[in-house]
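Colleague: One structure is given below, represented as structure tokens, and several questions about it will come after.
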Amino acid sequence: MPDIPLTVIVLLCLAAAAAGWIDAVVGGGGLLLLPALLVGLPAGTQATTALGTNKAVAIVGTTGAAVTYVRKTPIDVRTAIRIGLAALAGSMGGAALAAGMSTEVLKPIVMVVLLGVAAFVILKPSFGSAPATGPATRRQIWAAIGIAGLGIGFYDGLIGPGTGTFLVLALTAVLGLDLVRASATAKIANVCTNAGALGIFAWQGAVLWQLAALMAVFNLAGGTVGAHTALKKGSGFVRIVLLVVVFSLVATMAYEQWIK
């Protein structure tokens with residue numbers, strides 16, 4: 001592990017805890033964790049090392065949150081795993097395409113979509129607040145596998161930021177889940193995609209395992225607390241956090257696109 005000041009390590013651990021909480025509630029914890037690693041790691045550290053370490057940390061918190069959700073709220077684990085495996089395949093395809101394609105062209109489109117999503121959530125307060133009327137149909141499940149799995153998984157490999165948030169939104173819209181159950185299902189799908197990405201980064205030797213292990217403890221704590229918070233506060237609270245994360249994502253992408 002590179003020589004990192006103790007103060008920076010403490011700040012990275014706090015960022016990991018906060019990211020775990022955000023990710024467990026509504027997704028999007030990487031918006032905090034990855035930039036923190038990019039800033040905190042010594043100058044000259046390869047971006048892939050930050051990405052790999054980020055995945056090693058995130059998978060622990062995501063798994064902890066997923067376990068908490070599964071224990072506390074009824075979800076269709078089989079459907080969640082099928083969506084996760086599709087997302088894994090989609091992310092691999094997106095990553096392969098990203099090597100020969102500029103994502104800068106796509107970012108403004110993503111920002112417009114996010115703003116549209118925010119407007120929809122604001123103008124339709126009932127979105128994600130009502131429980132599902134019954135089990136998802138076969139058509140709904142295949143639509144979720146295609147849109148939330150392959151589609152958003154492809155986006156994750158091609159661009160990345162906000163994948164967890166997109167998963168929550170898609171699962172709420174397609175399967176008719178409330179925001180709490182959508183967050184729970186998204187966590188299981190995220191475990192699958194994180195595992196696949198981590199395997200590739202580990203094979204490339206792009207993971208700072210000692211730092212990741214320390215940060216993972218805090219990320220796990222944040223993720224577990226976040227899952228309990230979402231379950232206790234309900235869909236209304238998750239909706240507020242969702243809007244905050246969406247606007248933060250738009251601001252971050254706009255900064256990177258036109259200001260930085």
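The values are calculated or read from the model by the stated rules, or taken from the named source; none is laboratory data. These figures come from a predicted structure and were not determined experimentally. Positions of Cβ are backbone-derived with ideal geometry, glycine not excepted, and every protein chain shown enters the neighbour counts. Only protein heavy atoms, including side chains, enter the accessible area calculation; ligands, DNA and RNA are left aside. Shrake-Rupley method; radii C 1.70, N 1.55, O 1.52, S 1.80 Å.
Colleague: List the residues, sorted by chain then number, that are 5 or more residues from A136 or on another chain and whose placed amide H is less than 5 Å from its amide H.
Modeller: Close amide H contacts, sequence-distant or interchain: none at all.
Colleague: Quote the relative contact order of the chain in percent (integer), defining contacts as alpha-carbon pairs under 8 Å separated by 6+ residues.
Modeller: 40
Colleague: Let me ask something else. Mind ranking K55, K187, K124 by accessible surface for me, highest first, 1.4 Å probe? If you can, show how the numbers build up before the last one.
Modeller: Details: K55 40, K187 0, K124 90 Å².
Per-residue accessible area, sorted high to low, gives K124, K55, K187.
Colleague: Normalising by the residue count of the stretch 116-260, find the relative contact order in percent from Cα pairs under 8 Å and 6+ residues apart. Walk me through the numbers before you get to the answer.
Modeller: Details: 89 pairs, mean separation 42.9, N = 145.
Over the stretch 116-260, the number comes to 30 percent.
Colleague: Using the Cα centre as the reference, give the magnitude of the dipole from point charges on the C-beta atoms of the chain (Lys, Arg: +1; Asp, Glu: -1; all else neutral), rounded to the nearest 20 debye. If you can, show how the numbers build up before the last one.
Modeller: Details: 15 positive and 7 negative charges, 160 e Å.
Roughly 780 debye for the chain.
Colleague: I would also like to ask the following. Take Y155, Y255 and sort them by solvent-accessible surface of the protein heavy atoms, 1.4 Å probe, largest at the top. Write down the numbers at each step before the final one.
Modeller: On the way: Y155 30, Y255 115 Å².
In descending accessible area the options line up as Y255, Y155.
Colleague: Quick one: work out Rg over Rh on the C-alpha atoms of the stretch 1-89, Rh as Kirkwood radius.
Modeller: Rg/Rh for the stretch 1-89 comes to 1.05.
Colleague: Quick one: accessible area per residue over the stretch 6-259, 1.4 Å probe, rounded to a whole number of Å²?
Modeller: 45
Colleague: Could you look at the chain and say what percent of its accessible area is carbon and sulfur, using a 1.4 Å probe and all protein chains? Write down the numbers at each step before the final one.
Modeller: Details: 8390 of 12090 Å².
Of all accessible area on the chain, carbon and sulfur atoms account for 69 percent.
Colleague: Moving on to the next point. What value, in deg cm²/dmol to 500, does the helix sum -39500 (n - 2.57) over DSSP H runs of n ≥ 4 give at 222 nm once divided by the residues of the chain? Intermediate values should be presented prior to the final figure.
Modeller: Numbers: 11 runs with 194 residues, N = 260.
After summing the helix terms and dividing by residue count, I get -25000 deg cm²/dmol.
Colleague: Heavy atoms of the protein only, probe of 1.4 Å, neighbouring chains included. What is the accessible area of I240 in Å², nearest 10?
Modeller: 100
Colleague: Using θ = phi - 60° and the Karplus curve 6.51 cos²θ - 1.76 cosθ + 1.60, what whole-Hz ³J(HN,Hα) does each residue of the stretch 140-148 get, with Gly and Pro shown as x?
Modeller: 4, 5, 5, 5, 5, 5, x, 7, 6
Colleague: Hey, can you rank 29-39, 59-69 by average C-beta count inside 10 Å, highest first?
Modeller: On the way: 29-39: 22.2, 59-69: 24.6.
The peptides rank, most packed first, as 59-69, 29-39.
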